[in-house]
Amino acid sequence: MNTLAESSERLVDKFGRTVNYVRISVTDRCDFRCVYCMAEEMEFVPRAQLLTLEELGLIARAFTELGAGKVRITGGEPLVRRNVIKLFRDVGALPGLRELVLTTNGSHLEQMADELRAAGVRRVNISLDSLDAGRFRRITRVGELSVVMAGIRAALRAGFERVKLNSVILKHRNHDEVADLVRFAVEHGIDISFIEEMPLGIIGDHDRAEVYYSSDEIRADLERVWTLVPTTETTGGPSRYFRIPGTGTRVGFISPHSHNFCESCNRVRLTCEGRLLLCLGQEHSVDLRHVVRAHPGDMQTLKQAIRDSMQIKPKGHEFNLSGKPVIFRHMNVTGG
Ligand code: SAM
Ligand code: SF4
């Protein structure tokens, strides 16, 4: 049970930023192989090294008791993890929870949307980079657009408070589709965020500097078709939002290269192996799997390890598109 003292606690790093948001990657596996995220051949974490669903639930509970009441479940593809719905139910019932959200590629949403909503998931982000089945296949290497579309429809029917699309835009791959993707979002009354590719891991598919397409270019393309009105709205993440008058749609831009968002960073990430990453673009981390396995059921020790981790949260990231990536883990390890 949450005591008053616990729930009023806050996690504050040494730069004065409050961490109120944890993103939990429940698996590094995925049924897609998106070209910007993974290499075609990937070695995944052996199952024995994964945190169990119970351990993931315990860590989520520790965070919510420390004031990090927003929890995002991500991956890899979170919905391919066996019995993952149990974790959603457990986290959805935590007294300190403010908001449970999900990032998914949508491939399993047709079957799982209702259960996820019932477990307490409030908002869902679905990745969608193209409306053309052939292109979608080339970007995801194996994905089937019609399955994801069925997933999006199921999410809309299930009654989540908000559904948002995430599109990673690459020059010559899908940059010419941004206005159509926004039209799709407008027609379905949902939000969309455009993401600049981040140099995480070696992917072999393309030169990241060559395909870089900035948020400013995307915005200029959109403004030829749509009116974008800036808003100060936030969903607690790094997106800068614009409204399209006369529609319910917000258009967001996540711009790690062109608009660094580290100053207002409020989040940390847990990998599926239990490594607590203090920054997406740096390697500073704490091994929480060691903590939960060395001190089974000891909530105070776990919470103290999380409090202590705030001291090593770095000031920010520095992504560099030319040359080798500085960060060798792929995005599927950290969940974006
Ligand atoms: N599989 C789920 C999905 O695709 O939504 C969740 C995990 S995925 C790693 C989370 C988000 O990260 C997706 O929206 C994906 O497009 C984005 N992403 C993956 N690799 C990226 C990269 N190198 N740069 C920017 N975004 C990336
Ligand atoms: Fe899988 Fe998501 Fe990475 Fe695509 S972006 S390969 S769907 S984890």
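Within the stretch 87-135, can you find the residues that are farther than 26 Å from Leu58 by Cα and of a type outside the set (A, V, I, L, M)?
Hits for the stretch 87-135 are Gly106, Ser107, Glu110, Gln111, Ser127, Asp129, Ser130, Asp132, Gly134, Arg135.
Report, by residue number, each residue of the stretch 147-182 that is within 16 Å of ligand 2 (Cβ to nearest atom) and not aliphatic (A, V, I, L, M).
Gly151, Lys164, Asn166, Ser167, Arg173, Asn174
Criterion first (more than 13 Å from ligand 1 (Cβ to nearest atom) and under 19 Å from Val35 (Cα atoms)) does Arg141 satisfy it?
no
Can you name every residue in the stretch 121-138 that is in contact (Cβ under 8 Å) with a residue 24 or more places away in the chain, more than 15 Å from ligand 1 (Cβ to nearest atom) and not in a strand (DSSP E or B)?
Residues satisfying the conditions are Leu131, Asp132.
Quick check on my filter: what residues within the stretch 190-234 are modelled with pLDDT of 95 or more and either farther than 30 Å from Glu161 by Cβ or touching a Gly at 6+ places or on another chain (Cβ under 6 Å) (or both)?
Ser193, Glu217, Ala220, Arg224, listed by residue number.
Yes or no, residue by residue, for (1) aliphatic (A, V, I, L, M); (2) touching a residue at least 40 places away in the same chain (Cβ under 8 Å); (3) in a strand (DSSP E or B); (4) touching a helix residue (DSSP H, G or I) at 6+ places or on another chain (Cβ under 6 Å):
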| residue | (1), (2), (3), (4) |
| --- | --- |
| Val147 | yes, yes, no, no |
| Lys164 | no, yes, yes, no |
| His172 | no, no, no, no |
| Ser193 | no, yes, yes, no |
| Gly204 | no, yes, no, no |
| Arg208 | no, yes, no, no |
| Thr227 | no, no, no, no |
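The values are calculated or read from the model by the stated rules, or taken from the named source; none is laboratory data. Worth saying up front: this structure is predicted, and the values here are computed from it rather than measured. Here Cβ is always computed from backbone atoms with ideal geometry, including for glycine, and neighbour counts include all displayed protein chains.
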